[in-house]
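Report on one structure; see the data block that follows.
Each value in this text was obtained by applying a stated rule to the coordinates, not by laboratory testing. Because the structure is predicted, anything quoted here is derived from the model rather than measured. Virtual Cβ from ideal backbone geometry, glycine too; neighbours counted across all protein chains shown.
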Amino acid sequence: MEIIKNIFGEYAGASYNPEITAPKNTIRETVEEALKNAGGNNQKIELSVYVGNQKLGQILLDDLRSRKRQTGKDIEVLVGG
């Protein structure tokens, strides 16, 4: 068994909107339940994924822009669009 050390902290709004730190299957079940509850209501579902303090979408966009500068190829070509 591998020991993994983590540092956790709460933020100011955690009392009404706590962070979730859980096994993958618990997170999957929570997301599936939320999607099921929102289904059919035409509700907008917004999901933000962060890597450190940066949104995943921004990381990917920055990487694509960097590759475009390096290769001269359009972003659509780089992602296969």
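At 0.36 nm per residue, and after removing the present C-alpha to C-alpha distance, how many nm does the segment from Asp74 to Glu33 gain when stretched out fully?
10.9 nm
Checking the cross-link filter: which lysines have an alpha carbon closer than 27 Å to that of Lys5, excluding same-chain neighbours under 8 positions apart?
Lys24, Lys55
Quick check on the stretch 1-43: take the gyration tensor over C-alpha atoms, sort the square-rooted eigenvalues as a ≥ b ≥ c, and tell me if it's rounded (a/c under 1.5), prolate or oblate. Please report the intermediate quantities before stating the final value.
On the way: a/c = 5.33, a/b = 1.53, b/c = 3.50.
It is oblate, given that a/c is not under 1.5 and a/b is not larger than b/c.
Helix 24-38 versus the longest principal axis of the chain: what angle, 0 to 90°, nearest 10, using Cα atoms?
It works out to around 90 degrees.
Output the 0 to 90 degree angle, nearest 10, between the alpha-carbon long axis of helix 56-71 and the longest principal axis computed from the alpha carbons of the chain.
10 degrees
I want to verify a result. In a Gaussian network model of the chain, Cα cutoff 10 Å, which of these has the top mean-square fluctuation: Ile45, Ile27, Ile59?
Ile59
Taking percent of Cα pairs over 15 Å apart straight from the coordinates, which label in (i) 76; (ii) 59; (iii) 53 is the correct one?
Read-out taken from this structure: (i).
Using Cβ contacts closer than 10 Å as the measure, can you line up Ser48, Ser66 from fewest to most? Don't jump to the answer; show the numbers that get you there.
Numbers: Ser48 7, Ser66 10.
By the 10 Å Cβ count, ascending: Ser48, Ser66.
Under a 10 Å cutoff between Cα atoms, tell me which one of Leu35, Leu47, Leu64 has the largest fluctuation in the Gaussian network model of the chain.
Among Leu35, Leu47, Leu64, the largest mean-square fluctuation in the Gaussian network model of the chain belongs to Leu64.
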